[in-house]
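Quick notes on the structure that follows.
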Amino acid sequence: MRAERPIGIFDSGVGGLSVVKALLEQMPAENFVYFGDTANVPYGNKSVPELFNLSRRTLAYFTRREVKAIIVACGTQSSNTLPVLEKECPVPIVGMLKPGIEAALEVSSKKYVAVLATQATVNSGAYTREIKNRCPDGKVLEAACPAFVPLVEKGRLEGAETVLEVKKVMDGIKKEPFDTLILGCTHYPFLTKLIKKELGRGLNLVDPASATVADTMRVLRNLNLLRPDNISGAHHEFLVSGAPESFLEVGRLLLGDVVDKVQKVVL
Ligand code: DGL
């Protein structure tokens, strides 16, 4: 049955687990294959051609695995390569950017949105471009946070070093009067507590994961490819290109027992 085929989800490492969390909440019956490209993490300092090589290799692998759809659970790939990948991919492919932007513009009353993202995402200018397309009078502030991904990959969600790095970025932006903040990299939702604390004021915090999963659900429903809710025994696979042990340890810290087995693959 075509609906039984898994959804392919990928990121550079553990970050995409924030999207898996939303997937488990919103579409618990779905089978999925998660790929964390940990041999190549971080993606945020890669050039655009390097990002294309990595994403095309992952897409080729998912195609061999006959996935029914792909979630690009990575802000960096969503902002740099997705518009081209959409044209090449044989199955529906959904990214983080548009769902996150739409969710942010819906809640922002000032239409002043800040985006935390990787350097490669900021360099692409995609957030500013897409927000301005939808809201020409809107204002966008993008801030790169290169220290965050290595910290989350090590499972360091608190502690002096992480507090310092989060504080550094928040101190640089918190005087600006934006009312909405997009977590434009899938690793960052795991630092939400600290980010909120260091910003020190109330605002709309948007994790694009749930809107991205809702988008995926809509696409699958339109194609009649949703796995029925009343079927149990969903199958979850966690694959990495680097060391499985560290992904297992940090994955369990971030997502719990659902990360029960991690295997290394050579794509
Ligand atoms: N989590 C990814 C993103 O959303 C990749 C981060 C990285 O590897 O630098 O951008």
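The values are calculated or read from the model by the stated rules, or taken from the named source; none is laboratory data. Note that the structure is predicted; figures quoted are calculated from it, not measured. Every residue, glycine as well, gets a Cβ built from its backbone with ideal geometry; the counts of neighbours run over all protein chains shown. The area values use the complete protein model at the heavy-atom level, side chains included, leaving out ligands, DNA and RNA. Shrake-Rupley method; radii C 1.70, N 1.55, O 1.52, S 1.80 Å.
In the range 1-91, the portion of solvent-accessible area held by carbon and sulfur atoms comes to 54 percent [1.4 Å probe, whole percent, DNA, RNA and ligands not counted].
Average accessible surface for the range 148-252: 49 Å² per residue, computed with a 1.4 Å probe over protein heavy atoms with every protein chain in place. Projected label points at residue 192 and residue 237, each 7 Å from Cα along the beta carbon direction, are separated by 3.0 nanometres. Direction-averaged projected area, Cα convex hull, the range 121-218: 7.2 nm², rounded to one decimal. Straight-line cross-link partners of residue 154 among the lysines, defined as a Cα under 25 Å from its Cα and at least 8 positions apart when in the same chain: 21, 46, 167, 168, 193, 196, 197, 261, 264. One quarter of the convex hull surface built on the alpha carbon atoms of the chain amounts to 13.5 nm², the projected area averaged over directions. Using the Karplus relation 6.51 cos²θ - 1.76 cosθ + 1.60 with θ = phi - 60°, the per-residue 3J(HN,Hα) values for the range 100-108 come to x, 5, 5, 4, 5, 5, 5, 8, 7 Hz, with x marking Gly and Pro. Kindly report the accessible area of the range 50-127 per residue (heavy atoms of protein chains, probe 1.4 Å, no ligands, DNA or RNA), in Å². I get 37 Å² per residue for the range 50-127.
In this label model, residue 52 and residue 264 are separated by 3.0 nm, measuring between points 7 Å along each Cα→Cβ vector.
Ordered from largest to smallest accessible area (heavy atoms of protein chains, 1.4 Å probe), the residues 227, 221 come out as 221, 227. Using the Karplus relation 6.51 cos²θ - 1.76 cosθ + 1.60 with θ = phi - 60°, the per-residue 3J(HN,Hα) values for the range 157-165 come to 8, 9, x, 4, 5, 5, 4, 4, 5 Hz, with x marking Gly and Pro. Quick one: longest stretch of the chain between exposed loop GluC sites (Glu not before Pro), exposed meaning at most 16 other C-beta atoms within 10 Å and loop per DSSP? The reported range is 159-267.
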